[in-house]
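Everything on this sheet refers to the single structure shown next.
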Amino acid sequence: MNKPTYLSIAEKIRENIASGAYALGRIPSERALIRQYSVSRATATKVLAMLEAEGLIVRRRGSGAFIRPAAESARCSYVSTLIADMDVREFFSSICGAIAKRARAFSLNFILGAKTAFDELSRGGSISEHVAKCRRENIRGVFFVPQDEECVSDGGRRNAEIADTLRACGITVVLIDRDIVPFPRHSAFDLVGIDNVQAGYDQEKHLIECGCRRLVYVSHEKRVWTVDAHFSGFRNALEKCGLGSCEILRGDPRDDAFVRRVLRERPDGIAFVHDDMAIEFSRRYLASRKRPIAKFIGMDDTAPAKAMGISSLRQPAQFIGEEAARLMALRLGHDTIPPRRVLFSAELMPRASSLQRLGVG
């Protein structure tokens, strides 16, 4: 799915901030963004509002937008991000905004890391060079969202190598959303996210309560910690209700052959790993057909899912960001408690896709 234009523009501005491209600290105005990217005023306003909410810029009436200055106190520490999915998940933008707001309460200077930094590392770029850059910028802590796919070639070892090297060089690491080891193992790093096992259980339990009995779980082809955790909870709900077991159906809902494979299972309930998969499935196969088929539910509660009436689970991005900032402050204060796992519950948002049977045909 194509990324919204305002997210692409915001990402470019973040990268320019991180690289020092705005030497005088002035961010392009709304009018400049409209001209440069051929967008509407509403889009330009949304870009600047989002960057301001993340704590990256400050807008002054009559003067324009500027990079928010870091605190001058010697007691302040600098922290940054290393996020794999920043360009495809609005969820992570929300988390970063919460981190930025909460970090100031702990005397932490928050610098949003550029997505290109992770891209370089994931392609085999030098970790030592990244560490050297962190040291030059006096970054003492990193909020790390590991690469979403455990590559067949390295079994996910690159994520562990990045985290371990940062820690060995004295840079504190707090993991967000997922671990660096395969589920159900736990690494030796603090982790903040949702209880993914409970989330998968809640998806399935909701469909069962809506009358479904032939259920399937649909995911992308990536081997990910969160997917395995979701499916563990999904399977637990099936077994508890005496409905047997099932396998994950992995594929792309844009692929007709994969969708036919899902439908051959004759499901009356489908749980999707993310809203975007549920949305694509809905757009291609539910809008124009008449005979009844499965109720379904997604994950993340995105704006398009809400607009299309798709049931979902809402992750508490604000709480995740605030707790990540708190744990970072504790670790930088030489906290010695064993690694913490702070897992929040996701909120069920029931809508038409599960409360009433939709049709395909």
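Worth pointing out:
- In the range 17-47, the qualifying residues are those that are among the hydrophobic types (A, V, I, L, M, F, W, C) and in contact with a Phe, Trp or Tyr (Cβ under 7 Å, 6 or more places away or on another chain), and the one that is farthest from PRO4 (Cα to Cα) is ILE27.
- Within the range 298-339, the set of residues being hydroxyl-bearing (Ser, Thr, Tyr) and free of Cβ contacts under 8 Å to residues at least 60 places away in the same chain comprises SER312, THR336.
- Taken across the range 74-85, residues that are of a type in the set (Asp, Glu) and either at pLDDT 75 or above or out of contact with any Asp or Glu (no Cβ under 7 Å at 6 or more places or on another chain) (or both) do not occur at all.
- When the strands (runs of 3 or more DSSP E) confined to the range 158-233 are screened for residues that are surrounded by 19 or more Cβ atoms within 10 Å (Cβ to Cβ), outside the structural domain of ASP301 (by TED's automatic domain parsing) and of a type in the set (Ser, Thr, Tyr), none reaches at least 2 such residues.
- Looking at SER232, SER245, just one residue is under 24 Å from the mean Cα position of the chain (by Cα), under 23 Å from ASN196 (Cα atoms) and polar (S, T, N, Q), and that residue is SER232.
- When ALA287 is tested against (1) closer than 30 Å to LEU108 by Cα; (2) at pLDDT below 90, only condition (1) is not met.
The values are calculated or read from the model by the stated rules, or taken from the named source; none is laboratory data. These figures come from a predicted structure and were not determined experimentally. Note that each Cβ is placed from the backbone with ideal geometry, even for glycine, and that neighbours are counted across all protein chains shown.
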